[in-house]
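Trainee: Next up is a structure, given as structure tokens.
Please treat every number below as a calculation from the coordinates, not as lab data. It should be emphasised that the depicted structure is a prediction, and the values quoted were computed from it without experimental measurement. For neighbour counting, all protein chains shown are included, and Cβ atoms are generated from backbone atoms with ideal geometry for every residue, glycine included.
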Protein chains: 2
Amino acid sequence: MTDLPEPLADRTVAVLGGTGPQGRGLARRWATAGLPVVLGSRSAERAEEAAAALAADTGGRVTGADNAAAAAAGDVVVVAVPWDGHADLLRELAGPLAGKVVVDCVNPLGFDKQGPFALAVEEGSAAQQAAALLPDSVVVGAFHHVSAVLLDDPEVAEVDTDVLVLGDDRDATDLVRALADAIPGMRGVYGGRLRNAHQVEALTANLIAINRRYQSHAGIRVTDV
Amino acid sequence: MTDLPEPLADRTVAVLGGTGPQGRGLARRWATAGLPVVLGSRSAERAEEAAAALAADTGGRVTGADNAAAAAAGDVVVVAVPWDGHADLLRELAGPLAGKVVVDCVNPLGFDKQGPFALAVEEGSAAQQAAALLPDSVVVGAFHHVSAVLLDDPEVAEVDTDVLVLGDDRDATDLVRALADAIPGMRGVYGGRLRNAHQVEALTANLIAINRRYQSHAGIRVTDV
């Protein structure tokens with residue numbers, strides 16, 4: 001457990017989709033860093049099971065709940081659900097998410113014979129869709145490119161990547177940068193306004209293409225920053 | 001002058017828009033690396049002047065010509081013109097560009113009070129527009145994120161960035177990766193098919209936002225590759 005940076009003190013992080021590989025991987029890292037974490041899932045039972053396993057594994061404070069209860073419990077709420085259920089879930093949870101910082105990690109991608117590609121999103125991006133559906137929350141886009149495999153592997157001590165953090169509210173993007181900084185190897189870098197989230201989400205298609213070509217778990221570093 | 005990698009042997013690189021900052025910066029680096037370079041510009045006279053200055057500065061083989069003559073002279077032709085004139089120029093030069101590898105570096109961006117943003121492109125991206133207008137060329141997207149300031153500064157020995165190289169033809173993307181590798185500090189990384197070029201072009205808006213926030217000349221490195 002490291003000392004938490006000031007913006008994270010006493011913050012509980014809820015992870016919606018916390019039993020999926022990306023959500024669980026992020027939760028594992030934050031629990032290891034000493035943050036209280038609530039895993040959310042459609043099934044409270046599955047969330048509780050996954051939380052108990054993570055708590056045992058990390059020695060951290062991890063509990064589980066259904067997504068609505070997790071959303072209510074978190075001070076910061078990370079959305080790591082499949083693109084398919086993104087809009088419906090957020091529409092449902094607009095009440096409990098009001099007044100909170102919501103971190104959208106979702107990548108709207110399609111796959112065909114030629115591999116991955118970016119889907120068109122009416123609002124521009126998943127993050128902008130979240131902002132449209134959650135007018136009383138502060139939406140930040142981040143953690144799009146992190147490898148679920150590396151995050152969820154307890155043998156991997158450091159995750160070698162920068163996290164581009166997008167948003168229109170400086171306090172919120174600073175908070176989410178601190179969430180990235182809390183994970184060893186990771187660094188949060190401000191990446192622009194929410195209207196520039198599409199290309200960051202879509203770049204995940206390129207990283208998947210890179211992983212296929214180079215047999216890697218590619219991440220991104222920003223140089224000269 | 002370094003030994004050129006095999007795919008670049010005896011290749012002349014033409015740079016359309018070679019008197020603009022990005023084009024001239026790339027030309028400077030390739031001339032320094034020992035590649036014969038032809039600067040193209042709307043005005044043959046301005047191209048010849050810029051070429052003479054670059055040749056004197058680098059000791060390399062640099063000549064200048066109007067864009068059409070440069071396109072005809074190059075084995076590989078780099079398109080580094082403003083987005084505004086992109087379609088018109090390529091439509092005009094489809095003849096001389098036939099049978100060649102065309103490297104599109106163009107970023108369709110807009111700017112307003114809130115800073116940079118990605119423009120929508122009917123074909124999906126500048127690179128895909130080039131491919132549509134040049135059916136007899138092999139189009140590759142690359143060099144979107146390189147800092148013109150760093151490239152064109154002879155005091156900067158190494159340009160610390162990876163170059164994402166996008167295309168559907170393996171030989172062509174390998175050739176363009178070698179063009180990136182020929183510049184000290186730079187590395188060419190395959191970045192996916194041409195249909196995934198939009199987000200790489202658009203990411204330039206994020207890098208500009210990063211530069212404004214951090215007072216940097218940000219580039220991108222791909223980790224684990």
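Trainee: Using a Gaussian network model of chain B with C-alpha springs under 10 Å, which one of B:Ala70, B:Ala182, B:Ala55 is most mobile by mean-square fluctuation?
Mentor: Most flexible of the set in this elastic network: B:Ala55.
Trainee: Please report, for B:Gln114, the nm distances (one decimal) from its label point, 7 Å out from Cα along the beta-carbon direction, to the equivalent points in the remaining copies, shortest first.
Mentor: Nearest first, the other copies' label points are 3.1 nm away.
Trainee: What shape does segment A:8-214 take by its C-alpha gyration tensor, where a ≥ b ≥ c are the square roots of the eigenvalues and a/c under 1.5 counts as rounded, a/b above b/c as prolate, and the rest as oblate?
Mentor: Taking the square roots of the gyration eigenvalues as a ≥ b ≥ c, segment A:8-214 is rounded.
Trainee: Per residue of segment B:189-194, what does 6.51 cos²θ - 1.76 cosθ + 1.60 with θ = phi - 60° give for ³J(HN,Hα)? Whole Hz please, x for Gly and Pro, Karplus curve as stated.
Mentor: Result, rounded to whole Hz: 10, 4, x, x, 6, 4.
Trainee: While we're on this one: So for the protein assembly as shown: antiparallel DSSP bridges make up what percent, rounded to the nearest 5?
Mentor: Close to 20 percent.
Trainee: How high is the relative contact order of chain A, in percent, with contacts defined as C-alpha pairs under 8 Å that are six or more residues apart?
Mentor: 18
Trainee: A further question follows. Taking B:Gly85 in one copy and the same position in all the others, each labelled 7 Å out along Cα→Cβ, what are the pairwise distances from the first, in nm, shortest first?
Mentor: Sorted ascending, the copy-to-copy spacings read 5.3 nm.
Trainee: Kindly state, to the nearest 0.05, the FRET efficiency for A:Asp136 paired with B:Asp112, given R0 = 22 Å and r defined as their beta-carbon distance.
Mentor: 0.25
Trainee: What are the lysines whose alpha-carbon lies under 30 Å from the alpha-carbon of A:Lys100, with same-chain residues fewer than 8 places away excluded?
Mentor: B:Lys113
Trainee: Still on this structure: Where nothing but the Cβ of Lys and Arg (+1) and of Asp and Glu (-1) is charged, how large is the charge dipole of the protein assembly as shown around its Cα centre, in debye to the nearest 20?
Mentor: 60
Trainee: Where in segment B:202-218 does the amide nitrogen come within less than 13 Å of the point 7 Å from the Cα of B:Val149, taken along Cα to Cβ?
Mentor: Answer for this model: B:208-218.
Trainee: Additional query: Under a 5 Å amide H to amide H cut-off, with H placed in plane at 1.01 Å, what residues pair with A:Gly191 once short-range neighbours are removed?
Mentor: Correct list: A:Val165, A:Leu166, A:Gly167.
Trainee: If one computes P(r) from the Cα atoms of the protein assembly as shown, what percent of pairs lie at distances over 28 Å?
Mentor: Pairs farther apart than 28 Å: 51 percent.
Trainee: Using a simple charge model, +1 on the beta-carbon of Lys and Arg, -1 on the beta-carbon of Asp and Glu, nothing else, what dipole does segment B:1-117 show about its Cα centre, in debye to the nearest 20?
Mentor: 160
Trainee: Taking the Cα centre of segment A:8-214 as origin, work out the dipole magnitude from +1 charges on Lys and Arg Cβ and -1 charges on Asp and Glu Cβ, in debye rounded to 20.
Mentor: The dipole magnitude comes to about 300 debye.
Trainee: How much length would be gained if the chain were fully extended between B:Glu45 and B:Asp160, taking 0.36 nm per residue of separation minus their Cα-Cα distance, in nm to one decimal?
Mentor: 38.1 nm
Trainee: Quick one: of the DSSP bridges fully inside chain B, what percent are antiparallel, nearest 5?
Mentor: 15
Trainee: Taking each label point as 7 Å beyond Cα in the direction of the beta carbon, state the distances from B:Ala53 to the same residue in the other copies, shortest first, in nm.
Mentor: Those separations, rounded to one decimal, come out as 6.3 nm.
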